[in-house]
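First comes the structure, then the notes that go with it.
The values are calculated or read from the model by the stated rules, or taken from the named source; none is laboratory data. All values derive from a computational prediction rather than experimental measurement. Cβ: placed from backbone, ideal geometry, glycine included. Neighbour counts: every protein chain shown.
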Amino acid sequence: MAAVELILLQRVEKLGQMGDVVKVKPGYARNFLLPQKKALRASKDNLARFEQQRAQLEAQNIKRREEAERLAERVGGLTVVIIRQAGESGSLYGSVSARDIAEGSTAAGLTINRSQVVLEHPIKTLGLSQVRVSLHPEVSIPVTVNVARSPEEAERQARGERVSGEAEEEEQAPTAENIFEGDTPQPN
């Protein structure tokens with residue numbers, strides 16, 4: 001299939017800046033860029049119309065970016081606590097997805113969509129994870145996701161304590177002092 005030429009109406013990560021004419025696969029154009037109004041087909045009419053509206057589009061983009069930067073300063077260092085069931089080894093029975101992080105951050109005071117959460121792979125273990133939230137194509141903030149079995153465990157993890165199943169096993173494991181209490185080991 002032949003590539004489709006498009007004019008970008010906003011910055012698209014790993015593709016280009018506003019106003020760039022790019023070639024993409026037809027499915028990417030048809031299913032993502034065109035429906036979300038991130039691009040126009042590159043025809044002579046659309047190029048002329050884009051050039052007429054370029055100043056207005058750039059002004060809107062700058063305004064949205066400034067709002068996103070102000071919001072990023074206000075909610076910097078956001079931590080989202082997610083309570084999930086997990087096994088003894090600390091692995092979750094399910095996983096934490098972008099939707100879960102978006103719902104948790106909305107509860108914590110930052111209203112975002114799941115499409116704004118940049119998650120390389122689902123979180124499948126207990127503990128703290130860093131996730132990137134894209135407030136604007138040019139502005140993103142790090143969000144700490146604290147996955148725990150209970151609110152008390154989440155607080156301990158936030159303080160930096162190790163809470164996995166291995167730590168509990170170490171506490172219960174017999175030590176040399178416990179085995180030989182009262183007895184002195186006899187050399188052979």
Residues being of a type in the set (A, V, I, L, M, F, W, C), farther than 20 Å from GLU5 by Cα and loosely packed, with under 13 Cβ neighbours inside 10 Å - total across region 44-69: 3
Just checking, does region 20-30 include any residue being within 16 Å of VAL139 (Cα to Cα), touching a residue at least 12 places away in the same chain (Cβ under 8 Å) and either of a type outside the set (Asp, Glu) or not assigned by TED's automatic domain parsing to the domain that holds GLU103 (or both)? no
Out of (1) of a type in the set (Val, Ile, Thr); (2) at pLDDT 90 or above; (3) under 22 Å from GLN10 (Cα atoms), the one ILE112 does not meet is (2)
Quick check on region 63-75. Is at least one of its residues free of Cβ contacts under 8 Å to residues at least 12 places away in the same chain and within 19 Å of the chain's Cα centre (by Cα)? yes
Might you let me know whether region 24-43 holds any residue that is assigned to a helix (DSSP H, G or I), at pLDDT below 90 and surrounded by 12 or more Cβ atoms within 10 Å (Cβ to Cβ)? no
Within region 127-134, can one find any residue that is loosely packed, with under 14 Cβ neighbours inside 10 Å and over 30 Å from LYS14 (Cβ atoms)? no
Every pair of residues 6+ apart whose Cβ atoms lie under 9 Å, when the first sits in region 126-144 and is outside the structural domain of ARG84 (by TED's automatic domain parsing) while the second is not basic (Lys, Arg) and not in a loop (DSSP other than H, G, I, E, B): none
Conditions: (1) at pLDDT below 85; (2) in contact with an Asp or Glu (Cβ under 7 Å, 6 or more places away or on another chain). THR175 meets all but one. Number of the miss? (2)
